[in-house]
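One structure below.
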């Protein structure tokens, strides 16, 4: 099933979503247990709707960007609470700024560490060359 076909469907089995997004059914059940997804039940079978699929897309994007499940849950809860989506956009902006600040700090730390390692490597190579030359 391609993305366009998926977007036009109304109902999805857990296996359909797992296959589409390259995740396990266990991961989807985990997100459900955390209250991030709320599929309907037909008998004992989970039936996911377009809304659940859209929420799963947001969950996976949030995880890929490094947001916690708590952050994602807070963001998703605002979707239903505020029809203007203002609170949701404000929260998103705040969380994105926090994440960017953290990543920038980590990038600075990584650049420093790389520079130090390159200096150590150069000194070690120089030392080896001195030993070999003598």
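For this structure, a couple of remarks:
- Options 105, 70, 121, 61; residue that is surrounded by fewer than 11 Cβ atoms within 10 Å (Cβ to Cβ), part of a helix (DSSP H, G or I) and in the same structural domain as residue 37 (by TED's automatic domain parsing): 70
- The single condition among (1) touching a strand residue (DSSP E or B) at 6+ places or on another chain (Cβ under 9 Å); (2) assigned to a helix (DSSP H, G or I) that residue 41 does not meet is (2).
- Residues of the stretch 44-56 that turn out to be more than 16 Å from residue 78 (Cβ to Cβ) and touching a residue at least 12 places away in the same chain (Cβ under 8 Å), as a count: 9
The values are calculated or read from the model by the stated rules, or taken from the named source; none is laboratory data. What you see is a predicted model, and the numbers here were worked out from it, not measured in a lab. All Cβ positions, even for glycine, are placed from backbone atoms using ideal geometry, and neighbour counts span all protein chains on display.
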